[in-house]
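Below is one structure, written out as structure tokens; the observations come after it.
The values are calculated or read from the model by the stated rules, or taken from the named source; none is laboratory data. Treat the numbers as computed from the prediction; the structure is a model and nothing was measured. Virtual Cβ from ideal backbone geometry, glycine too; neighbours counted across all protein chains shown. Each accessible area value is taken on the protein alone, full model and side chains, heavy atoms only, with ligands, DNA and RNA left out. Shrake-Rupley method; radii C 1.70, N 1.55, O 1.52, S 1.80 Å.
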Amino acid sequence: MAAQNRVAIVTGASAGIGKAAGVALVKAGWKVTFAARRADLLEKIVGECGAGKALAVVTDVGKPESVKNLFAQTKAKFGRLDLLFNNAGMGAPAVPLDELPYEKWLEVVNANLNGMFLCTQEAFRLFKSQNPQGGRIINNGSISAHAPRPMSVAYTSTKHAVTGLTKCISLDGRKNDITASQIDIGNALTELAARMANGVPQADGSIKPEPLMDVKHVGQAVLHMANLPLDVNVQFMTIMATKMPFVGRG
Ligand SMILES: NC(=O)c1ccc[n+]([C@@H]2O[C@H](COP(=O)([O-])OP(=O)(O)OC[C@H]3O[C@@H](n4cnc5c(N)ncnc54)[C@H](OP(=O)(O)O)[C@@H]3O)[C@@H](O)[C@H]2O)c1
């Protein structure tokens, strides 16, 4: 299918990686629904993209009714769905594990894992019902899907869970031409990661600044994965600031 006829939903699209990926998709000809909670930011992005190419839907991915509305509005405006970029996510303050308030744990699990599951269910329903059938889901994992940072139990647990979700979608989606990828990102310069430049706790107890990469490279990586035909899939991709501490245990 030509890019002009393909439709994507990007969650967490009001800023950072979601915004970069959504804008890259629009520039390549995709129609894109930008979803997040901050209406003003979404409207500004959609205004810059052009109303025929983009749609803003205020969404909290952790709320089932809000997610249903996101998919219904996308279908009403664009008629089908070819890509879900499950990107919305958040971290929790770096505090000792036993001091993390349960409410904060729930907030992170709801945004990072429950939200991905709810969006995945709605995408499956739409992918199965449309003609041609099928579609692609790209889940935003993290380097934290492989290795934790100190004092990151909620974030790391949800990002490890994303790997299980990705594999289940790949397996259960096969018979309906639904494919799933996971992009594991390390240190893209966004609001979430900006603190890395000032120094963050390391495994040995020291505080060290870490290198960051321009978020536009992540947008291009998502675009590459999205543009593949459905019989080809990047199952896992790691894209990171080359010299960040991951490979070599530091
Ligand atoms: N930056 C990195 O280096 C890095 C590394 C690994 C993984 N990641 C992952 O990349 C994703 C995006 O992070 P980012 O770096 O771009 O951070 P960011 O700039 O803070 O953006 C996070 C986005 O998620 C949205 N969001 C948060 N909770 C939401 C909810 N409940 N419902 C809907 N939208 C929600 C936010 O929008 P609203 O506040 O408007 O709702 C915002 O658009 C996250 O899943 C993160 O774990 C980032």
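Restricting to the range 91-122, count the residues that are within 14 Å of the ligand (Cβ to nearest atom), open to solvent by 40 Å² or more (accessible area, probe 1.4 Å) and either of a type in the set (A, V, I, L, M, F, W, C) or under 12 Å from ALA8 (Cα atoms) (or both).
So the count comes out to 3.
Which one is nearest to ASN140 (Cα to Cα) among residues in the range 13-29 that are near the ligand (Cβ under 6 Å from one of its atoms) and open to solvent by 20 Å² or more (accessible area, probe 1.4 Å)?
ILE17
Which residue pairs have Cβ atoms closer than 8 Å, lie 6 or more positions apart in sequence or on different chains, and pair a first residue in the range 51-62 that is farther than 21 Å from ALA111 by Cβ with a second residue that is of a type in the set (Ser, Thr, Tyr)?
As it stands, the answer is ALA54/THR33; LEU55/THR33; LEU55/THR74, since those pairs meet every condition given.
Here is a list: GLY219, GLY199. Which entry is without any contact (Cβ under 8 Å) to a residue 12 or more places away in the chain and touching a Lys or Arg at 6+ places or on another chain (Cβ under 9 Å)?
On inspection, the qualifying residue turns out to be GLY199.
Table: residues versus (1) more than 11 Å from the ligand (Cβ to nearest atom); (2) surrounded by 12 or more Cβ atoms within 10 Å (Cβ to Cβ); (3) within 19 Å of THR166 (Cα to Cα).
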| site | (1), (2), (3) |
| --- | --- |
| LYS208 | yes, yes, no |
| MET213 | no, yes, no |
| MET225 | yes, yes, yes |
| LEU228 | yes, yes, yes |
| THR238 | no, yes, yes |
| ARG249 | yes, no, no |
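Hey, can you tell me all the residues within the range 65-90 that are within 16 Å of the ligand (Cβ to nearest atom) and open to solvent by 70 Å² or more (accessible area, probe 1.4 Å)?
Result: GLU65, LYS68, GLN73.
Residue under question is GLY89, and the condition is that it be more than 23 Å from ILE185 (Cα to Cα) and of a type outside the set (Asp, Glu); does it hold?
Numbers: more than 23 Å from ILE185 (Cα to Cα): no; of a type outside the set (Asp, Glu): yes.
Considered against the rule, which asks whether it is more than 23 Å from ILE185 (Cα to Cα) and of a type outside the set (Asp, Glu), GLY89 comes out as no.
Could you say whether any residue in the range 149-158 is touching a Ser or Thr at 6+ places or on another chain (Cβ under 8 Å) and farther than 29 Å from GLN121 by Cα?
Checking the range 149-158: at least one residue is touching a Ser or Thr at 6+ places or on another chain (Cβ under 8 Å) and farther than 29 Å from GLN121 by Cα.
Restricting attention to the range 140-150, does a residue exist that is more than 14 Å from the ligand (Cβ to nearest atom) and surrounded by fewer than 17 Cβ atoms within 10 Å (Cβ to Cβ)?
yes
Just to be sure before I move on: is ALA203 of a type in the set (Gly, Ala, Ser), more than 12 Å from the ligand (Cβ to nearest atom), under 23 Å from THR158 (Cβ atoms) and surrounded by fewer than 16 Cβ atoms within 10 Å (Cβ to Cβ) in the structure I sent?
Yes; evaluated as a whole, the condition is true for this residue.
Please determine whether any residue of the range 159-175 is in contact (Cβ under 8 Å) with a residue 40 or more places away in the chain, out of contact with any Pro (no Cβ under 6 Å at 6 or more places or on another chain) and farther than 22 Å from ASN114 by Cα.
Looking through the range 159-175, none of the residues is in contact (Cβ under 8 Å) with a residue 40 or more places away in the chain, out of contact with any Pro (no Cβ under 6 Å at 6 or more places or on another chain) and farther than 22 Å from ASN114 by Cα.
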